[in-house]
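Coordinate-derived values only; no laboratory data. Remember, predicted model here, so these are calculated numbers, not experimental data. As a convention, Cβ positions derive from the backbone with ideal geometry for all residues, glycine included, and neighbour counts pool all protein chains shown.
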Amino acid sequence: MSKIQKDIPLKLYSNLKIGGPAKFFVLVKTIKELTDVLIESKGLTPNVFVIGGGTNILFPDIGFNGLVIKVDIQGIEKRGNFVKVGAGVEMLKLLEFCVANGLSGLEWAGGLPGGVGGAVRGNAGAYTGEMKDSIFEVESIDMATYQVRKRSNAECKFGYRNSIFKQKLERKEAIAQVTFKLNRGDKDQIIEAIEDKISKRKLRHPLDYPNLGSIFQNTPIENFPKSKMNELAQYIKNDPFPVIPTAKINFLAGLSGKRVGDAQLSEKHTNFIINLGNAKAEEVKQLILIIKSKIKEVYEVELKEEISYLN
Ligand SMILES: Cc1cc2nc3c(=O)[nH]c(=O)nc-3n(C[C@H](O)[C@H](O)[C@H](O)COP(=O)(O)OP(=O)(O)OC[C@H]3O[C@@H](n4cnc5c(N)ncnc54)[C@H](O)[C@@H]3O)c2cc1C
């Protein structure tokens, strides 16, 4: 049985090392524990929020007046080319399993931090791959009725960094288990493809500092005014469709290294905000506003956050 703890600093569970205390906090390791905690929470608070690895969410400085549930459901089970995985399994561990079993399909995710649940909810993607390409079925728990719900890939309504869990079911259902449909592949080729992505990330990302990955989504080319496309056409990237990389326009707009307090737009990757030591969530938010407003002024386009907020 998981024990609900009190006043736990969320910065301990944040990859950006920012966040005040959660009034209640609990880590769940099984679907039963998750259901039991949801039932117990009814007597405690109406505010319940689910997290995974904390690699894509900004926690507030004042903390959270409710219950934060860290979904740490483990387990990887293989049946032929189908692999059922607990939502708390780290993508890194899933990739190790794929290598050990010669399963191909997720190599693009080499070096992707965080857990399977968070990656499914945001349809994480990189190097032209996305979670949705390999997902067969997602099992989630209705946080009000505790019913288990199974959805096919089509029912998850995946889109660019999007899914039904991020839209209609936000704060309503917790992803518990995910079944992937993978292909048989050559072990050495799988390892090579994964290591290639890991070294690209090491080269480009400011991994020496706490961060949340890319703060903003890349912007589809059709969102830019035609007058800006002459300048930007050379930077179009086809991942997963034609976009202008936010890191590029941030750089061109002179935002590299821009700083509010200890929050800084990285000079190494101009779509990452790094914590130089003692950054506050409010500083990160201010920096986000500055970047958005500059990009609006220069490129007449609205940047959209890729990260989530806990409010
Ligand atoms: C260095 C670095 C590089 C990154 N590179 C990429 C990249 O290339 N591509 C990319 O897409 N992302 C990238 N990210 C962002 C992030 O790693 C992914 O989005 C990751 O999949 C988030 O998983 P998480 O477990 O950390 O989620 P969290 O940060 O814990 O949560 C993110 C959101 O998902 C929700 N959530 C988490 N678990 C569940 C669950 N079980 N059920 C329902 N909702 C849930 C939370 O409520 C929150 O809203 C990067 C991040 C870092 C730090």
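Here are some notes:
- Cα gyration tensor shape of the stretch 1-102, rounded if a/c is under 1.5, else prolate or oblate by comparing a/b with b/c: oblate
- Listed peptides 167-180, 276-289 appear in the order 167-180, 276-289 once ranked by packing, highest mean of other Cβ atoms within 10 Å at the front.
- Kirkwood hydrodynamic radius (C-alpha pairs) into Stokes-Einstein, the stretch 242-283, 20 °C and 1.002 mPa s, D in µm²/s: 203 µm²/s
- Here the simple spin-label model places points 7 Å from the Cα toward Cβ, and for Ile62 and Glu195 these points are separated by 5.0 nm.
- Estimated [θ] at 222 nm from DSSP helical runs (n ≥ 4, -39500 (n - 2.57)) normalised by residues in the chain, nearest 500: -7500 deg cm²/dmol
- Working ranking of peptides 196-204, 253-261, 24-32, 267-275 by packing, defined as the average number of other Cβ atoms within 10 Å per residue, highest first, is 267-275, 24-32, 253-261, 196-204.
- Once the Cα-Cα distance is subtracted from the 0.36 nm per residue extended length, the Asp208 to Asp142 segment shows a gain of 20.0 nm.
- Applying 0.36 nm per residue to the separation of Lys268 and Glu40 and subtracting their alpha-carbon distance, the gain on full extension is 77.6 nm.
- Within the chain: Cβ-based charge dipole about Cα centre, in debye rounded to nearest 20 (Lys, Arg +1; Asp, Glu -1): 340 debye
- Three semi-axes describe the equivalent ellipsoid of the stretch 177-252; taken as square roots of 5 times the Cα gyration tensor eigenvalues and ordered largest first, they are 30, 18, 14 Å.
- Going from the residue with the fewest nearby Cβ atoms within 10 Å to the one with the most, Met91, Met131 rank Met91, Met131.
- Contour excess over end-to-end distance, with Cα ends at Val298 and Asn223 and 0.36 nm allotted per residue: 25.6 nm
- With a cut-off of 9 Å between beta carbons, the residues surrounding Val83 carry a summed charge of +3, where Lys and Arg count +1 and Asp and Glu -1.
- Selection from Val37, Leu203, Cys98 lying farthest towards where the dipole of the chain points positive, charges on Cβ: Val37
- The fewest-to-most ranking of Glu306, Glu297 by surrounding Cβ atoms within 10 Å reads Glu297, Glu306.
- The modelled label-to-label distance between Lys168 and Gln5, using points 7 Å beyond Cα along the C-beta direction, is 3.7 nm.
- Sum of side-chain charges, Asp61 neighbourhood, beta-carbon under 15 Å (Lys, Arg +1; Asp, Glu -1): +1
- Distance between modelled label sites at Tyr309 and Lys78, nm, 7 Å Cα→Cβ extension: 4.4 nm
- Rounded to 0.05, the FRET efficiency of the Ala154 and Ile290 pair, given R0 = 35 Å and the Cβ-Cβ distance, is 0.30.
- Relative contact order of the chain, pairs being alpha-carbon contacts under 8 Å that are 6 or more residues apart, as %: 18 percent
- Share of pairwise Cα separations in the chain, more than 27 Å, in percent: 45 percent
- The stretch 206-309: radius of gyration over Cα atoms, expressed as a fraction of 2.2 N^0.38 Å: 1.05
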